[in-house]
Amino acid sequence: MDISRSTMDIAAACATAAVGAVVCYGATLNGIAWGDSGPEPGYFPFYVGGLIILGSAGTIVQAWRRRAAGHDRPGADAGADSFLDGERLRTILAFFLPIVAMVAVSAWLGLYVGMALYIFYALRIAAGFRTLTAALAALAVVAVNFVIFEKLFMVPLLKGPILEAFGIY
C-alpha cells in the first residue's frame, strides 16, 4: 500500500475546508452582515472561514496539478513523492492502535489506569525496556500526573472503578 503526497494533500485540504465550512455556518448563526453599529458577531469569523476554504481549494488545485504532471506516480523517482508506504503504516499503527485502546480503557477503567497500561506497553513492548523498568516508569508517570492534576491544579480526572475501590475519588 502506497499513499502519494498529493493524495494526502487533497485529504488534508478537504478536512481544513470542512473546518472552514463549519466556521462559516456557525458565523451565519450569529449574523454576518454589517449593522447600524458595525459588524455583527459572525462577520469576521465568516470571512476567516471563507479564507480557510479558499486556501484549501488552492491546495487541492496544486495537488491535482502535481498529480496531472505525473510527479506522484507510484514508482516515479523511487518513491520520492510517497507519503505513506506499508512499513511506515505499520509503524504508525503500532503506536496509534494502543492509543485508541488507551482511550477505550480510560473511558471504562479511568484515565490513570489507561495511562499506566499505555506507558507500560510503549516502554516494554514497543521500546523493549525490561518489565520492572517499564512498570516502575508507568507508575511514576501516573503518580506525577495525579499529584499535578489532582493536588496542585485541583482538576479531577476520571478515576474509574479501580481507583474508587481503593477509596481514591
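The values are calculated or read from the model by the stated rules, or taken from the named source; none is laboratory data. This one's a predicted model, so the numbers in the text were calculated from it and none came from an experiment. Glycine also receives a Cβ, built like all others from the backbone with ideal geometry; neighbour counts cover every protein chain displayed.
Every test in (1) surrounded by 16 or more Cβ atoms within 10 Å (Cβ to Cβ); (2) under 30 Å from residue 67 (Cβ atoms) is passed by residue 42 save one, and that test is (2).
Name every residue in segment 144-169 that is within 16 Å of residue 114 (Cα to Cα), charged (D, E, K, R) and not in a loop (DSSP other than H, G, I, E, B), in order of residue number. Answer for segment 144-169, where residues must be within 16 Å of residue 114 (Cα to Cα), charged (D, E, K, R) and not in a loop (DSSP other than H, G, I, E, B): just 164.
Only residues that are charged (D, E, K, R) and either modelled with pLDDT under 90 or surrounded by 15 or more Cβ atoms within 10 Å (Cβ to Cβ) (or both): list them for segment 133-163, please.
Restricting attention to segment 133-163, the residues satisfying the condition of being charged (D, E, K, R) are 150-151, 159.
Within segment 133-163, 150, 159 meet the criteria.
Inclusion of residue 83 among residues that are on the phi < 0 side of the Ramachandran plot and either modelled with pLDDT under 90 or assigned to a helix (DSSP H, G or I) (or both) is warranted.
Residue pairs whose Cβ atoms lie under 9 Å apart, sitting 6 or more positions apart in sequence or on different chains, and linking a residue in segment 111-127 that is touching a residue at least 40 places away in the same chain (Cβ under 8 Å) to a partner that is of a type in the set (S, T, N, Q) and surrounded by fewer than 19 Cβ atoms within 10 Å (Cβ to Cβ), are 111/145; 112/145. Report yes if some residue within segment 87-96 is of a type outside the set (S, T, N, Q), in contact (Cβ under 8 Å) with a residue 40 or more places away in the chain, in contact with a strand residue (DSSP E or B) (Cβ under 9 Å, 6 or more places away or on another chain) and closer than 30 Å to residue 67 by Cα; otherwise report no. Within segment 87-96 (the criterion being of a type outside the set (S, T, N, Q), in contact (Cβ under 8 Å) with a residue 40 or more places away in the chain, in contact with a strand residue (DSSP E or B) (Cβ under 9 Å, 6 or more places away or on another chain) and closer than 30 Å to residue 67 by Cα), the answer is yes, since at least one residue qualifies. Considering (1) surrounded by 13 or more Cβ atoms within 10 Å (Cβ to Cβ); (2) more than 20 Å from the chain's Cα centre (by Cα); (3) at pLDDT below 95, the lone condition that residue 55 does not fulfil carries the number (3).
Which residue is surrounded by the fewest Cβ atoms within 10 Å (Cβ to Cβ), if the candidates are limited to segment 1-39 and must be in contact (Cβ under 8 Å) with a residue 60 or more places away in the chain and outside any helix (DSSP H, G or I)?
Kept after step one, since they are in contact (Cβ under 8 Å) with a residue 60 or more places away in the chain, are these residues of segment 1-39: 1-8.
The next check asks that each one be outside any helix (DSSP H, G or I); those that pass are 1-4.
Numbers: 1: 7, 2: 16, 3: 15, 4: 21.
Step by step, filter segment 1-39, then rank; the result is 1.
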